[in-house]
Amino acid sequence: DTAVSQTPKYLVTQMGNDKSIKCEQNLGHDTMYWYKQDSKKFLKIMFSYNNKELIINETVPNRFSPKSPDKAHLNLHINSLELGDSAVYFCASSQGRGGYTFGSGTRLTVV
Amino acid sequence: GEDVEQSLFLSVREGDSSVINCTYTDSSSTYLYWYKQEPGAGLQLLTYIFSNMDMKQDQRLTVLLNKKDKHLSLRIADTQTGDSAIYFCAERDAAGNKLTFGGGTRVLVKP
């Protein structure tokens with residue numbers, strides 16, 4: 001039933017590791033996004049994909065690599081994790097002019 | 001570039017009305033949104049308004065838009081304890097490729 005689902009919900013890992021976060025939407029939306037929410041709750045867009053094609057890459061370090069195997073999935077792979085990568089990462093999707101539907105977030109803690 | 005500003009905090013008594021304010025800079029914004037985030041949860045779309053409208057009402061929620069002053073507000077009538085959350089306003093750019101969020105207003109409802 002879940003519209004936008006992310007896994008895992010929590011991720012604790014050591015500096016220097018590589019990790020992935022998966023996102024799937026069952027709404028039939030064409031566009032998917034990754035947003036980062038920092039400790040002060042500020043939300044900033046990282047990437048936007050439309051029908052598997054990258055639309056926005058908002059000056060994100062190239063340690064972050066999104067992959068969209070089909071329009072229902074947008075995964076985020078992060079190499080060489082740093083302390084500053086600790087945040088909540090939200091996946092979202094949208095269609096046309098409607099609002100974005102967000103997943104419940106992945107809390108990443110780098111130690 | 002786009003910039004969206006909100007006040008940080010609002011305290012209100014149960015049963016009173018809450019008014020959350022937001023200002024934005026991008027005059028080409030097409031849609032403006034209000035999202036609610038409860039602790040540990042994702043973002044829930046509350047309502048949105050097209051930029052050529054000046055008011056929208058949806059049950060207890062009233063959105064007012066002053067396009068000339070680039071000012072958006074959300075009024076919650078008969079505020080309940082369950083309305084305690086962080087409220088984000090967001091603007092959608094003209095190309096429709098991304099939402100830019102304000103920093104969020106933390107609303108605390110006191111019994």
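Rule-based calculations on the coordinates, nothing more; no lab input. As the structure is a prediction and not an experimental result, all values here were calculated from the model. Note that each Cβ is placed from the backbone with ideal geometry, even for glycine, and that neighbours are counted across all protein chains shown.
Numbers at a glance
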| item | result |
| --- | --- |
| Residues (farther than 15 Å from residue B:74 by Cβ and touching a Ser or Thr at 6+ places or on another chain (Cβ under 6 Å)) located in the range B:15-40 | B:29, B:30 |
| Candidates B:79, B:62, filtered to the one that is farther than 12 Å from residue B:22 by Cα and part of a strand (DSSP E or B) | B:62 |
| Selection count where residues are touching a Lys or Arg at 6+ places or on another chain (Cβ under 9 Å), facing chain B (nearest Cβ under 10 Å) and within 18 Å of residue B:6 (Cα to Cα), scope the range A:32-41 | 2 |
| Candidates A:54, A:27, A:74, A:11 - the one that is assigned to a loop (DSSP other than H, G, I, E, B) and either under 30 Å from residue B:8 (Cβ atoms) or of a type outside the set (D, E, K, R) (or both) | A:27 |
| Residue count, the range B:63-85 (criterion: of a type in the set (A, V, I, L, M) and surrounded by fewer than 18 Cβ atoms within 10 Å (Cβ to Cβ)) | 2 |
| Search result, residues across the range B:1-56 that are surrounded by fewer than 14 Cβ atoms within 10 Å (Cβ to Cβ), within 22 Å of residue A:58 (Cβ to Cβ) and of a type in the set (S, T, N, Q) | B:25, B:27, B:28 |
| Extreme residue, farthest from the other protein chains (Cβ to nearest Cβ), among residues of the range B:92-111 that are out of contact with any Phe, Trp or Tyr (no Cβ under 8 Å at 6 or more places or on another chain) and free of Cβ contacts under 8 Å to residues at least 24 places away in the same chain | B:95 |
